[in-house]
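Written below as structure tokens is the structure these notes are about.
The values are calculated or read from the model by the stated rules, or taken from the named source; none is laboratory data. No experiment lies behind these values; they were computed from the predicted model shown. Glycine gets a Cβ as well: all are built from the backbone with ideal geometry, and neighbour counts include every protein chain shown. With ligands, DNA and RNA removed, areas are computed over all heavy atoms of the protein, side chains included. Shrake-Rupley method; radii C 1.70, N 1.55, O 1.52, S 1.80 Å.
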Amino acid sequence: MGGLEKKLSSSQMIILGFAMVILFGSLLLMLPVAIRDGQEVNFVDALFTATSAVCVTGLVVRDTATCWTGFGQAVILLLIQIGGMGVITVAVAIAVISGKKISLKQRNTMQEAISAHQVGGIVRLTSFIIGTTIFLEMLGAVFMAPSFCREFGIGRGIWYALFHSISAFCNAGFDLMGSKSPYSSLTSFAGNWMINFTIMALIVTGGIGFLTWEDIMTNRHRIRKYRVQSKVILSMTVLLIAIPSLYFFFFELSGYPLEERILGSLFQSVTARTAGFNTIDFNRMSEAGLAVMILLMLVGGSPGSTAGGMKTTTFAVLLSTAISVFFHREHTHFFGRRMDEDTVRNAVTILMMYLVLFLGGGLIISRVERIGLLECLFETSSAVATVGLSLGLTPQLGMLSRIILIFLMYIGRVGGLTLVFAALSGNRRGNTARLPQEKMTVG
């Protein structure tokens, strides 16, 4: 393994690590002990479930509560935990615990995996990630346990609290509510303030990223000392929760009781950016509401977090760039700091990759399955942004469509640019030659 590690680039190691965990998880889910009596699970179903868990997506072709045994659910939860923290993070943590020395190559890979700004302090940051994750997940389970214990009994209630806490913090969206009604998610808890706010808090804390939390823990109330990235992430998170919430409250949930209307508006605004839980029936939403959900899913969470999507920073750079063009400013900037050209180019590239993947996948599935395009785009945006929200189509899709969703989930988790860098690894020689310049009219 040591020789293979030396030959692979950091990007290739990340891709291979995720693939190996997914394959191993698929094999575990194929074991008879993982499948409930009377259920038939083929390899593609197991692969789909493992990919969805490791890529912390939440799309399922088999109801988690009714198809998988306690062992199978535990495997899924372990895969969610590994996928949420990151395969490389878990590997480095195991190496540290076992007393092994972390090589410079492993530190570089860890830096790329969590989008850290520098290699220095990576091992300390790994310990911070593990400690923060365990603490917040246990805290979330404690808050939810009373509600679940009243509903399902003490033993089952504690298991449900732990499962949903880890699933929420890792922005996975897997649930065990199929025991009440298949594929129902948290709709039966639409009016439960404790469950709603605990799940939302876990989603947000997991979705803003470990680097942001480290910044907050280090500088606390001294906001001026925060990194520009942390300021952008926190600002965009507030805006992307507040504005959609107002839209859902006034236009989509007007027929709901006031309590469920308030909770539902906030919850759907939070969960749409890669969490995968839902407390309302999306099939009752208007096409405009579904379009808003698709946009939120594509934006996703923040870099170095448990969430997927293009990322809030990508969206912020694109938005700021457009504003700079409108007002004839020379550069994209935030909080008195100018962004370099590589950041802007990467943001545009990521946007194009996500648009091509989610539109292309949606068009193919719509054609193959003969389903409306908007419904298919909802599923593909959910897959590529690793969200997990669904209109109920995924379990009904054929083999080709499921494979497409598996591909989109995998790409969405490892990152499109990571795949590009892995493919070009060892062949990125700089080219200083410049071609003659020419102007072209756009817009």
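Extension gain F250-E40, at 0.36 nm per residue separation less the Cα-Cα distance, in nm?
Fully extending the segment from F250 to E40 adds 71.2 nm.
For segment 323-365, which whole percent of the accessible surface, found with a 1.4 angstrom probe, sits on carbon and sulfur atoms?
65
With the Cα gyration tensor of segment 236-392 giving a ≥ b ≥ c as the square roots of its eigenvalues, does the rule (a/c under 1.5 for rounded; else a/b larger than b/c for prolate; else oblate) give rounded, prolate or oblate?
oblate
Counting heavy atoms of the protein chains only and a 1.4 Å probe, report the per residue accessible area for the chain as a whole number of Å².
47
Based solely on its DSSP helices, what 222 nm [θ] is calculated for the chain when runs of n ≥ 4 H residues each add -39,500 (n - 2.57) and the sum is averaged over all residues, nearest 500 deg cm²/dmol?
Mean residue ellipticity at 222 nm (helix-derived): -20500 deg cm²/dmol.
What distance in nm lies between label points placed 7 Å from Cα along the C-beta direction at V33 and I364?
Taking the simple label geometry, V33 and I364 are separated by 3.7 nm.
Run the accessible area of segment 188-227 with a 1.4 Å probe and give the carbon-and-sulfur part as a rounded percent.
65
Within the chain, how many lysine pairs that are 8 or more places apart, or on different chains, have C-alpha atoms less than 22 Å apart?
7
So if each residue of separation counts as 0.36 nm, and I subtract the Cα-Cα distance between A74 and K439, what length gain in nm does that give?
Between A74 and K439, full extension yields an extra 125.6 nm.
Charges at C-beta only: +1 for Lys and Arg, -1 for Asp and Glu. How large is the resulting dipole of the chain about its Cα centre, in Debye rounded to 20? Write out the running numbers ahead of the final one.
Details: 34 positive and 24 negative charges, 334 e Å.
Rounded to the nearest 20 debye, it is 1600 debye.
Between E151 and E287, with labels modelled 7 Å along Cα→Cβ, what's the label distance in nm to one decimal, could you check?
3.4
Which helices, counted as full DSSP H runs in the chain, have an axial Cα extent of no less than 20 Å and a Kyte-Doolittle average of -1.0 or above?
Helices passing the filter in the chain: 10-29, 70-85, 122-152, 154-169, 193-207, 228-247, 312-326, 341-369, 399-414.
Multiply the residue separation of I243 and T187 by 0.36 nm, subtract the distance between their alpha-carbon atoms, and state the gained length in nm to one decimal.
Gain on extension, I243 to T187, equals 17.9 nm.
How would you rank 225-231, 384-390, highest first, on the average number of other Cβ atoms within 10 Å across their residues?
Ranked by mean Cβ neighbours within 10 Å, highest first: 384-390, 225-231.
Just checking my list (1) 0.97; (2) 1.03; (3) 1.29 against Cα Rg over 2.2 N^0.38 Å computed from this structure; which label fits?
(1)
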